[in-house]
1. Using only protein heavy atoms and a 1.4 Å probe, report how much of Leu210 is accessible, in Å² to the nearest 10.
2. When the scattering of region 158-268 is computed by the Debye formula from its Cα atoms alone, each counted once and equally, what is log10 I(q)/I(0) at q = 0.10 Å⁻¹?
3. Using only the Cα atoms of region 44-302, what semi-axes does the equivalent ellipsoid have when each is the square root of 5 times a gyration tensor eigenvalue? Give whole Å, largest first.
4. Please compute the net charge surrounding Asn141, taking Lys and Arg as +1 and Asp and Glu as -1 over other residues with Cβ under 14 Å from its Cβ.
5. Might you report the magnitude of the Cβ-based charge dipole of region 44-302 about its Cα centre, with Lys and Arg at +1 and Asp and Glu at -1, to the nearest 20 debye?
6. Skipping prolines and chain starts, which residues have an amide H placed within reach, meaning under 5 Å, of the one on Ser100, given they are 5 or more residues away or on another chain?
7. Taking the simple approach of a point 7 Å from Cα along Cα-to-Cβ for both Ser236 and Leu299, what is their distance in nm?
8. Region 114-169 to region 266-299: how many Å between their Cα centroids?
Amino acid sequence: MALTAVIRVPSRALLRPWARLRDAALGWIEPAGGGGVEVSAQRFASQKVLVEPDPAAGVAVMKFKNPPVNSLSLELLTELVISLEKLENDKTVRGVVLTSDCPGIFSAGLDLTEMCGRNPAHYAEYWKAVQEMWLRLYLSNLVLVAAINGASPAGGCLIALTCDYRVMADNPKYCIGLNETLLGIVAPFWFKDNLVNTIGHRASERALQLGLLFPPTEALQVGMVDKVVPKDQVQSTALSVLAQWMAIPDHARQLTKNMMRKPTADRLLKQRDADIQNFVSFISRDSIQKSLQMYLEKLKQKKG
Ligand SMILES: CC/C=C\CCC/C=C/C(=O)SCCNC(=O)CCNC(=O)[C@H](O)C(C)(C)COP(=O)(O)OP(=O)(O)OC[C@H]1O[C@@H](n2cnc3c(N)ncnc32)[C@H](O)[C@@H]1OP(=O)(O)O
């Protein structure tokens with residue numbers, strides 16, 4: 001991967017490259033001149049997120065690669081944020097297509113194993129990473145187009161909802177939606193806000209309460225996706241849409257996007273710590289842990 005972003009990082013953290021890269025990606029870096037050292041991010045090859053830049057076109061394709069189902073593990077979330085930050089800082093890139101490298105699955109959503117049987121400190125770290133992923137994507141200056149080439153429940157749907165435009169493959173087996181209630185959990189207010197901003201209040205209320213997973217044609221009808229095309233045209237269509245959006249002057253489009261989205265993002269930014277505490281206490285409840293365990297068991301039994 002030809003990404004060569006240079007990140008200034010505190011030298012103490014060189015002892016822990018993984019934590020250092022995460023800190024840099026999440027913005028926990030010393031200011032320039034603060035005694036850090038410059039390290040090429042290229043040294044740390046990404047494994048869960050593949051980035052294919054096309055500098056001539058000013059675009060990149062970002063592919064999630066966390067088989068079998070692209071669950072959003074802490075590792076994937078961290079790599080996603082790092083990759084996005086590198087692209088934001090790359091002057092040759094103005095737009096990104098987000099898609100999956102796993103056949104038939106865009107993303108299975110948050111990684112249930114990160115939310116089951118762990119300790120509160122882990123839940124807090126994980127939730128902070130989920131928040132960070134959403135904030136970075138939702139407020140990105142880049143044009144983001146989701147090429148939804150597979151199932152996209154819950155957190156997978158959330159990623160698609162952060163994009164400026166969504167193209168979905170026409171396979172009726174691929175469903176998209178915020179199905180949290182089916183797991184006995186509740187979509188956080190910022191998931192809900194992102195959905196309401198996309199499909200409106202009434203449709204969101206119904207979709208969220210019932211945990212609806214929409215097949216492509218229904219997702220199109222309700223406005224959850226913008227275009228449905230045959231599977232082999234998803235990426236090319238997403239790239240064409242990207243080109244249309246990139247015909248608009250960046251500064252005007254970016255200011256407009258920010259004007260539309262900042263109030264929603266600010267709601268979370270103002271209460272990030274409280275939101276983490278809320279998640280940790282909710283997910284730590286015995287009843288919620290039991291529900292999640294049962295759901296995971298059901299997924300496993302489905303095979304046998
Ligand atoms: C206060 C706020 C509190 C809480 C807010 C929390 C918000 C939560 C958001 C979420 O995103 S929760 C996750 C919701 N995701 C789902 O419900 C999807 C579950 N998965 C599926 O429906 C299917 O796996 C599928 C994505 C449709 C793919 O089906 P397929 O038949 O292709 O695969 P299979 O089901 O056999 O799964 C393979 C393998 O992967 C494991 N798996 C699946 N999903 C997840 C996941 N989200 N996290 C972790 N692991 C997952 C599954 O158990 C299988 O494992 P195995 O090979 O060991 O059996």
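1. That residue has around 100 Å² of solvent-accessible surface.
2. Calculated log10 I(q)/I(0) at the listed q: -0.33.
3. Equivalent ellipsoid of region 44-302: 27, 20, 19 Å, largest first.
4. Around Asn141, the charge tally is +3.
5. 360
6. Hits under the 5 Å cutoff: Phe64, Asn149.
7. A separation of 3.4 nm, rounded to one decimal place.
8. Each part's Cα centre sits 15 Å from the other's.
The values are calculated or read from the model by the stated rules, or taken from the named source; none is laboratory data. Just so you know, these numbers come straight off a predicted model, no measurement behind them. Heads up, the Cβs are rebuilt from the backbone with ideal geometry, glycines too, and the neighbour counts pull from every protein chain shown. Calculation scope for accessible area: heavy atoms of the full protein, side chains included, ligands and nucleic acids excluded. Shrake-Rupley method; radii C 1.70, N 1.55, O 1.52, S 1.80 Å.
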